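The values are calculated or read from the model by the stated rules, or taken from the named source; none is laboratory data. Treat the numbers as computed from the prediction; the structure is a model and nothing was measured. Here the Cβ is made from the backbone with ideal geometry for all residues, glycine too, and neighbour counts use every protein chain on show. Ligands, DNA and RNA are stripped out before the accessible areas are found, and what is left, the full protein with its side chains, is counted by its heavy atoms. Shrake-Rupley method; radii C 1.70, N 1.55, O 1.52, S 1.80 Å.
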Amino acid sequence: MKECVGMLLAGGEGKRLGELTHHLAKPAVPFGGKYRIIDFTLSNCTNSGISTLGVLTQYSPLELNKHIGNGKPWDMDKQSGVTVLSPYTAKTGGDWYSGTADAIYQNMHFINQFNPEYVLVISGDHIYQMDYQKMLEQHKETNADATISVIEVPWDDASRFGILNASDNLRIFEFEEKPKNPQSNLASMGIYIFTWNKLKAYLLEDAQNKASSHDFGKDIIPAMLDDTQRLFAYRFHGYWKDVGTIQSYWEANMDLLDENLGLISNHKAWRIYTHDSNLPPQYISQTATVNNSLINSGCFIHGTIENSILFENVRVEQTSTVRQSIIHPGVRIGENCRLNRVIIMENTVIPAGTTIEIDEFQEPFVINQETLGGMLTPAGGESK
Amino acid sequence: MKKMMGLINLDHEYHVFNELTYFRNSASIPFGGRYRMIDFTLSNMVNSNINEVAIFARNKYRSLLDHLGTGENWDLDRRNGGLFILPPDWNDPSDRSQGDLRFFHNNRDYFHRSQSEYVLISGSQFVSNSDYKDAFTYHLEQEADITLISTNVKELFPEHYPYFRIEADENGWVTEITNDQTNAELFTGVYIINKNLLMRLVDECIAYHKDNFFICGVKDKLADLKVQRFEHTGYSAFINSIESYFRQNMNLLDADSYHDLFLSNHFIRTKISSNPPVKYRKGSEVKHSLLANGCVVDGRVEESILFRDVSIQTGATVKNSIIMQRCTIEEGVHLENVILDKDVHVTKGQKIIGSKEKPYVVAKRQVI
């Protein structure tokens, strides 16, 4: 028996990430010079001792499945470890996951195998570092049926989030999705711990409800509140970011350069784990200048890199300047290029003399081999 | 398909690395920013379709064992074959063998159990990125008993002194194995031998109380054996002293050498760790250097090699130096021509300058 089983929702398409999720599920989008977005939640699980995990996939899962593999980088290649749960057919038919709650409902048999006391439900598209064990402790102390992790957001932004109204002892009495006039600034982070027996009952009931959208925030939580179940908020302090748009994806990457946030720590006690491709050390040449940047193995730098994030195996030739940009693995940047506020996707080749500079107030531009063609015409940037 | 098995024989390797080999054998000396010496030959073997490798290690192998683990980083954690680390554990009362022959004698099972008919034998001090498949094909084509891998060095350095030189006829048959210091064709210590012959030669050597397999079993019997040579071309390095170690590390700052060693045939595998990308902070100044993941740089780094997880604080200068894993260089420190072994901590304002020819070496875990 396992005390707590984790269920990681990773089926999202991330439509607003545009080209970045064209062939890729959002959790598999490269992040932070070495990682994929999902690595943050996977590593949270490893670091907080959640060793049994179901990962629910649906949209474009190839890269994601390959990435998770047998779970080795996260120490989850053990007896229970990580299991990828994709939609399936059975005697009674089968269907796509129609909502977050439905995804868990359809995999109840997976959870039941472990006969857990609690179930942790998280999603694979947020950047944060959190010890779920502490949340579980509070869940047990308060004898809660459900605990929802919350973060204080600026009052002005509160109407963009799912807001929880709770009493002083953090007991939740109301949940409002994107309220016009928020009464609190405690936003739900989409992290839930449920007492499994309670959740089971609500999932079964919700599955029968044809009118339901089978969503935790919209259906399950309100239903539990209606029945005055014991729901508590768990206050999280620290960095948390939903990388839902290109702008926020870019910002979250740039946040890694901010010392004060200390997002990527390098202590054995709390590391972000991922695949390591065993590439050689990076080569910084005589002509290179590197400032305030993160650069991964296998890079070959002759140019100037400022406030940027370079994934593995990137090559930047002489007299080229890369500023405020995110460069995915295997990108080649020829001589004499000027790039500012761009996101260059895997293996794109930027020809010598390319200039693409995006204005401070515009959304950073995503470049791949296809969009590059458009940028090189006079309408986009200039090419020499 | 004909198959080779691998053997890395560390017996009879020179250990003249002073501080660097106080607590480890030369096979596990860190090299090239994130590797250990043994990674090169091990990766070459694995990348040449060899999937069983034995290691004869006599002493100071704690760090080697830690590095190799189950062999998973080299894809040697296999159901069949894999990695066999064979330290001395010799309890055969009838054992008459001496020198490295004791390893062969006491590990006969390793050879007998394998289906491979050929053995590739190597040490750890020849560093290259080679595909031994070509040498193996050549060995089979020539129907040789043994094929020695040689290389022609452009310039002879003191480290080349102890290595054997190869003389061969126009068809590549080896006629002499010498110590002729004017001959620039060096034996790399890597050779392919037919397994049955290997076992027979081992028996003969033991019968005559010999103590060095290569010298007594191959070199001295050259006239009775069909020995070919196969020339390795491209980057290579012989490393058997602090001076050669320092020079060859620094040589990797040359873009061509770097490409040849790291990116030519296949990539070199080593033990992976979960270090984040290198962080170059505001005001850092890095020129002409190699840096491994996990480093955090505030200060100046020039013509240097930084292993994983090194921190160079504000106002510190590191020049022409090798800084191994997890060293901390505090504010205002000046290092030049220095080798810091792992976990060295250099405190505020210290100044250490070695000479280019004789770098200053600091042993593991010192606080200065």
*helices (runs of 4 or more DSSP H) contained entirely in the stretch B:90-179, each with at least 3 residues that are surrounded by 15 or more Cβ atoms within 10 Å (Cβ to Cβ) and assigned by TED's automatic domain parsing to the domain that holds B:Glu231*: B:101-106, B:132-141
_Please go through the stretch A:287-301 and give me each residue that is more than 8 Å from every other protein chain (Cβ to nearest Cβ), under 14 Å from B:Lys287 (Cβ atoms) and buried (at least 20 other Cβ atoms within 10 Å of the Cβ), ordered by number._
A:Ile301
*Could you list all residues from the stretch A:305-352 that are surrounded by fewer than 24 Cβ atoms within 10 Å (Cβ to Cβ), closer than 18 Å to A:Asp258 by Cα and within 13 Å of chain B (Cβ to nearest Cβ)?*
A:Glu306, A:Asn307
*How many residues are modelled with pLDDT of 75 or more, within 10 Å of chain B (Cβ to nearest Cβ), open to solvent by less than 30 Å² (accessible area, probe 1.4 Å) and within 25 Å of A:Glu63 (Cα to Cα) when one looks only at the stretch A:253-279?*
6
*Is there a residue in the stretch B:347-367 that is part of a loop (DSSP other than H, G, I, E, B), free of Cβ contacts under 8 Å to residues at least 12 places away in the same chain and surrounded by fewer than 24 Cβ atoms within 10 Å (Cβ to Cβ)?*
no
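Does A:Leu42 fit the bill of being open to solvent by less than 10 Å² (accessible area, probe 1.4 Å), over 17 Å from A:Ile246 (Cα atoms), hydrophobic (A, V, I, L, M, F, W, C) and within 14 Å of chain B (Cβ to nearest Cβ)? First the steps, then the outcome.
On the way: open to solvent by less than 10 Å² (accessible area, probe 1.4 Å): yes; over 17 Å from A:Ile246 (Cα atoms): yes; hydrophobic (A, V, I, L, M, F, W, C): yes; within 14 Å of chain B (Cβ to nearest Cβ): yes.
Yes: the conditions hold for A:Leu42.
Given the structure, is A:Val121 among the hydrophobic types (A, V, I, L, M, F, W, C) and either buried (at least 22 other Cβ atoms within 10 Å of the Cβ) or modelled with pLDDT of 95 or more (or both)? Show your work before the answer.
Details: among the hydrophobic types (A, V, I, L, M, F, W, C): yes; either buried (at least 22 other Cβ atoms within 10 Å of the Cβ) or modelled with pLDDT of 95 or more (or both): yes.
So A:Val121 passes the test.
Looking only at residues in the stretch B:180-199 that are of a type in the set (A, V, I, L, M, F, W, C) and part of a strand (DSSP E or B), which one is farthest from B:Ile121 (Cα to Cα)? Lay out the reasoning, then the answer.
In the first step, residues of the stretch B:180-199 are kept if they are of a type in the set (A, V, I, L, M, F, W, C); the result is B:184, B:186-187, B:190, B:192-193, B:197-199.
From what is left, the residues that are part of a strand (DSSP E or B) are B:186-187, B:190, B:192-193.
Details: B:Leu186: 16, B:Phe187: 12, B:Val190: 6, B:Ile192: 6, B:Ile193: 8 Å.
Filtering the stretch B:180-199 for residues that are of a type in the set (A, V, I, L, M, F, W, C) and part of a strand (DSSP E or B), the one farthest from B:Ile121 (Cα to Cα) comes out as B:Leu186.
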*For the stretch B:319-346, what are the residues that are under 23 Å from B:Ser63 (Cα atoms), open to solvent by less than 20 Å² (accessible area, probe 1.4 Å) and outside any loop (DSSP other than H, G, I, E, B)?*
B:Ile322, B:Ile323, B:Val338, B:Ile339, B:Leu340
*Sole exception among (1) basic (Lys, Arg); (2) buried (at least 24 other Cβ atoms within 10 Å of the Cβ); (3) touching an Asp or Glu at 6+ places or on another chain (Cβ under 8 Å) for B:Arg34, by number*: (3)
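Of all strands (runs of 3 or more DSSP E) completely enclosed by the stretch B:200-318, which ones contain at least 3 residues that are open to solvent by 20 Å² or more (accessible area, probe 1.4 Å) and touching a strand residue (DSSP E or B) at 6+ places or on another chain (Cβ under 9 Å)? Walk me through how you get there before you give the answer.
Working: elements: B:227-232, B:236-238, B:278-280, B:285-287, B:289-291, B:300-302.
So the answer is B:227-232.
Restricting attention to the stretch A:51-69, and to residues there that are among the aliphatic types (A, V, I, L, M) and part of a helix (DSSP H, G or I), which single residue is most open to solvent (accessible area, probe 1.4 Å)?
Step one: filter the stretch A:51-69 for residues among the aliphatic types (A, V, I, L, M), giving A:53, A:55-56, A:62, A:64, A:68.
Filter once more, so that each one left must be part of a helix (DSSP H, G or I): A:62, A:64, A:68.
Details: A:Leu62: 130, A:Leu64: 0, A:Ile68: 2 Å².
Filtering the stretch A:51-69 for residues that are among the aliphatic types (A, V, I, L, M) and part of a helix (DSSP H, G or I), the one most open to solvent (accessible area, probe 1.4 Å) comes out as A:Leu62.
Anything in the stretch B:51-72 that is in a helix (DSSP H, G or I) and either within 28 Å of B:Glu117 (Cα to Cα) or open to solvent by 70 Å² or more (accessible area, probe 1.4 Å) (or both)? List them, or say none. Can you show your working first?
Initial filter on the stretch B:51-72 (in a helix (DSSP H, G or I)): B:62-68, B:72.
Scanning the stretch B:51-72 gives B:Arg62, B:Leu64, B:Leu65, B:Asp66, B:Leu68, B:Glu72.
Determine, yes or no, whether A:Thr228 is over 26 Å from A:Leu64 (Cβ atoms), more than 14 Å from chain B (Cβ to nearest Cβ) and modelled with pLDDT of 95 or more. It would help to see each step written out before you state the result.
Details: over 26 Å from A:Leu64 (Cβ atoms): yes; more than 14 Å from chain B (Cβ to nearest Cβ): yes; modelled with pLDDT of 95 or more: no.
So A:Thr228 does not fit the description; no.
Tell me which residues, restricted to the stretch B:302-312, are over 21 Å from B:Gln248 (Cα atoms) and touching a Gly at 6+ places or on another chain (Cβ under 6 Å). Don't jump to the end; show me each part of the working.
Of the residues in the stretch B:302-312, the ones over 21 Å from B:Gln248 (Cα atoms) are B:309, B:311-312.
Answer for the stretch B:302-312, where residues must be over 21 Å from B:Gln248 (Cα atoms) and touching a Gly at 6+ places or on another chain (Cβ under 6 Å): B:Asp309, B:Ile312.
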*Could you look through the stretch A:1-17, keep only residues that are in contact with a strand residue (DSSP E or B) (Cβ under 6 Å, 6 or more places away or on another chain) and of a type outside the set (A, V, I, L, M, F, W, C), and pick out the one that is least open to solvent (accessible area, probe 1.4 Å)?*
A:Gly6
*When you look at B:Asp75, is it more than 14 Å from the chain's Cα centre (by Cα), surrounded by fewer than 16 Cβ atoms within 10 Å (Cβ to Cβ) and closer than 20 Å to B:Asp131 by Cβ, yes or no?*
yes
*Enumerate the pairs (first residue in the stretch A:19-41 and over 14 Å from A:His67 (Cα atoms); second residue anywhere and assigned to a helix (DSSP H, G or I) and polar (S, T, N, Q)) with beta-carbon separation below 9 Å, excluding pairs fewer than 6 apart on the same chain, so at least 6 apart or on different chains.*
A:Glu19/A:Thr371; A:Gly32/A:Asn253; A:Gly33/A:Asn253
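Quickly run through the stretch A:269-284 and pick out the residues that are in contact with a Ser or Thr (Cβ under 9 Å, 6 or more places away or on another chain) and either under 20 Å from A:Ile344 (Cα atoms) or of a type outside the set (Val, Ile, Thr) (or both). Can you show your working first?
Residues of the stretch A:269-284 that are in contact with a Ser or Thr (Cβ under 9 Å, 6 or more places away or on another chain), as a first pass: A:270-274, A:276-284.
Listed by number, the residues that qualify are A:Trp270, A:Arg271, A:Tyr273, A:Asp276, A:Ser277, A:Asn278, A:Leu279, A:Pro280, A:Pro281, A:Gln282, A:Tyr283.
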*Count of residues meeting criterion [under 30 Å from B:Leu65 (Cβ atoms), within 7 Å of chain A (Cβ to nearest Cβ) and at pLDDT 90 or above] in the stretch B:269-283*: 7
*Identify all residues within the stretch A:243-252 that are surrounded by fewer than 22 Cβ atoms within 10 Å (Cβ to Cβ) and either in a loop (DSSP other than H, G, I, E, B) or not assigned by the TED database to the domain that holds A:Trp74 (or both); write none if there are none.*
A:Gly244, A:Thr245
_Selection from the stretch A:136-153 of residues that are under 19 Å from A:Phe173 (Cα atoms) and open to solvent by less than 10 Å² (accessible area, probe 1.4 Å)_ = A:His139, A:Ala144, A:Ala146, A:Thr147, A:Ile148, A:Ser149, A:Val150
*Does any residue in the stretch A:156-183 that is without any contact (Cβ under 8 Å) to a residue 40 or more places away in the chain and crowded, with 19+ Cβ neighbours inside 10 Å come within less than 6 Å, Cβ to Cβ, of a residue that is of a type in the set (D, E, K, R) and in a strand (DSSP E or B) six or more places away or on a different chain, and which pairs are these?*
A:Ile163/A:Glu176
_Just the residues that are among the aliphatic types (A, V, I, L, M) and either assigned to a loop (DSSP other than H, G, I, E, B) or free of Cβ contacts under 8 Å to residues at least 24 places away in the same chain (or both), please, taken from the stretch B:3-49._
B:Leu10, B:Val16, B:Ile29
